[in-house]
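The structure appears below as structure tokens.
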């Protein structure tokens, strides 16, 4: 992306979504839509763009293959202040996330399914077995009893409200973030297998990212 990619109408729409009331040295907070990690997002030419990356580019900032990420010195994902943003490498980005406590997720032995296994409904204790009469199957399923409620074709929400479709890291099944995808596309000289191992995803997924068959909205 370059400054020239944004016309006056877009810039006016962009800055109308920013709260600068705290002053020039404080965080300029993004007020509109955000991803699950708290980073601002905005639609531009049928793509979802990261607000902080746009702000960095508008300030004259430049991304390079070695520094494809944006560092928030304030550790506030919703901030788009020029003074709080700079380009950053993958290694430094991960180190900064750990330092800020944004990667301390419950994994492995700390996950609730392991710390409190008695709370997990398994086997005969699962609701599907304790109350089978509550399951809507066969002719009792709503798709047969009330087929008019099914959103198909042009009535499907994906067509009537495309902006609500959870794409990329907004999807609950996403293993990568938009920053990861940008880093993958910026890696030169690595095989797809090496990249897949580095990010802990399938080899085929890396190929689809590089060919822009998936994560097409990330620029």
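The values are calculated or read from the model by the stated rules, or taken from the named source; none is laboratory data. Quantities reported herein were computed from a predicted structural model and do not represent experimental measurements. Every residue, glycine as well, gets a Cβ built from its backbone with ideal geometry; the counts of neighbours run over all protein chains shown.
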For residues that are closer than 20 Å to residue 91 by Cα and in contact with a helix residue (DSSP H, G or I) (Cβ under 6 Å, 6 or more places away or on another chain), tally how many sit in region 200-219. 1
Hey, any hits in region 53-60 for a residue that's farther than 15 Å from residue 6 by Cβ and in contact with a strand residue (DSSP E or B) (Cβ under 6 Å, 6 or more places away or on another chain)? no
Identify all residues within region 154-199 that are modelled with pLDDT under 75, under 27 Å from residue 63 (Cβ atoms) and not in a loop (DSSP other than H, G, I, E, B); write none if there are none. 163, 168, 169, 170
Inspect region 127-147 for any residue being out of contact with any helix residue (DSSP H, G or I) (no Cβ under 8 Å at 6 or more places or on another chain), assigned to a loop (DSSP other than H, G, I, E, B), modelled with pLDDT under 75 and loosely packed, with under 10 Cβ neighbours inside 10 Å and give the result as yes or no. no
